[in-house]
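Quick notes on the structure that follows.
The values are calculated or read from the model by the stated rules, or taken from the named source; none is laboratory data. Since this is a predicted model, take the numbers as computed values, not measurements. Note that we place each Cβ from the backbone using ideal geometry, even for glycine, and neighbour counts take in every protein chain shown.
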Amino acid sequence: KQQGRNTWQWYQGNVQRISRRNVLLRHDLQVALQQGDQFELHYQPVVEAGSGRMRGLEALLRWHHPSRGMVPPGDFIPLAEQTGQIIPLGRWVLERACRDAAELLADGRRMLPVAVNISSLQFRRDGFLEGVQQALAESGLPPELLELEVTESVLLDGADQAITLIDRLKALGIRVALDDFGTGFSSLSYLRDLPIHKVKLDRAFIQDITTNRSNAAIVEGIITMSHHMDLVVVAEGIETREQQQDLVRRQCDLLQGYRFSRPVPLARLKALPDRLPEP
Ligand code: C2E
Ligand code: CA
Ligand code: CA
Ligand code: CA
């Protein structure tokens, strides 16, 4: 009994600490949303597997908190999803990414599609499609250069709605990729049912691909099957030359990871060579 009591006290204290921190973060997030200048997008190149040629970018959100410093997205995006703040935040990301990609295009050196992460809540919300169209119109970015990354949780409220929306985006020329494939409750049938264009293999499978034969077999199976369905396959989290070689051998189309570049601010991205990694 004594111990049970202590456990309970510890538990309650811990919950209070977590929620107190979240109350503070939530407030700070609100301030940041009003001010706008604490957020920044970093861009990570996506390269052709064999050549290392840059073929696209993924926009990744950064929050420079005035006193906490850099708060990683894994710490505030789930919170913003809980509070609904992901709606204005997601809107900001979409607009910024479209403007940055349009700027890259105007620079004339590169025509790279930009991928934007879309939270399921944002995706399923009324007016999402109109928001995307507005971001494209305001930035002048051609729809073919915008890609949206969603996870299988967009199917939570029923597959039909998600399929209809992806079809409408596709009709506008906007592509949709299925992110983090292989984690959570991923089902192979999603690949068949969703009108997506690309599948992104989660880093969890890639990490030990050169040593874990089961993961290697899963990756190879997903690649083969995806190709039969005319899907482009991207492997995330490539850090070593061995991982790259392995995935090239397995016919993976595109790669992304620290081996080629970390996510970097737009100015630094512009200075990267066309082929990565730098020799
Ligand atoms: P994600 O979409 O799966 O993004 C890939 C994450 O892997 C990024 O973390 C990226 O920095 C990291 N990464 C890339 N290459 C490597 C590598 O070689 N090794 C390792 N260890 N990591 C690598 P990041 O930027 O911290 O983002 C984490 C997650 O936060 C993202 O996962 C995404 O789910 C979410 N996120 C980021 N930006 C946004 C956004 O604008 N909107 C929404 N809704 N979610 C976002
Ligand atoms: Ca992503
Ligand atoms: Ca991912
Ligand atoms: Ca992930």
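A few comments on the model shown:
- Tally of residues being over 21 Å from the mean Cα position of the chain (by Cα) and buried (at least 22 other Cβ atoms within 10 Å of the Cβ) across segment 105-151: 0
- Counted residues, segment 2-52 - those being under 30 Å from Arg268 (Cα atoms), at pLDDT 90 or above and out of contact with any strand residue (DSSP E or B) (no Cβ under 9 Å at 6 or more places or on another chain): 5
- Selected residue (criterion: nearest to ligand 1 (Cβ to nearest atom)) from residues of segment 199-222 that are assigned to a helix (DSSP H, G or I) and either in contact with a Gly (Cβ under 6 Å, 6 or more places away or on another chain) or of a type in the set (Gly, Ala, Ser) (or both): Arg203
- Within the option set Val219, Val248, Val233, being hydrophobic (A, V, I, L, M, F, W, C), surrounded by 13 or more Cβ atoms within 10 Å (Cβ to Cβ) and within 16 Å of ligand 2 (Cβ to nearest atom) holds for one residue only, Val233.
- Glu58 falls short on exactly one of the conditions (1) in contact (Cβ under 8 Å) with a residue 60 or more places away in the chain; (2) under 17 Å from Leu146 (Cα atoms); (3) surrounded by fewer than 22 Cβ atoms within 10 Å (Cβ to Cβ), and that condition is (3).
- Restricting attention to segment 175-198, the residues being within 16 Å of ligand 1 (Cβ to nearest atom) and either among the small types (Gly, Ala, Ser) or within 22 Å of Leu57 (Cβ to Cβ) (or both) number 12.
- Single condition Ser139 does not satisfy, out of (1) of a type in the set (Ser, Thr, Tyr); (2) more than 16 Å from ligand 3 (Cβ to nearest atom); (3) over 30 Å from Arg53 (Cβ atoms): (3)
- Subset of segment 112-137 [in a loop (DSSP other than H, G, I, E, B), among the small types (Gly, Ala, Ser) and either within 15 Å of Asp179 (Cα to Cα) or near ligand 1 (Cβ under 9 Å from one of its atoms) (or both)]: Ser119
- The single condition among (1) under 30 Å from Gly140 (Cα atoms); (2) within 16 Å of ligand 3 (Cβ to nearest atom); (3) modelled with pLDDT of 95 or more that Thr164 does not meet is (2).
- Among (1) modelled with pLDDT of 95 or more; (2) within 26 Å of Leu145 (Cα to Cα) - the single one Glu242 does not satisfy: (2)
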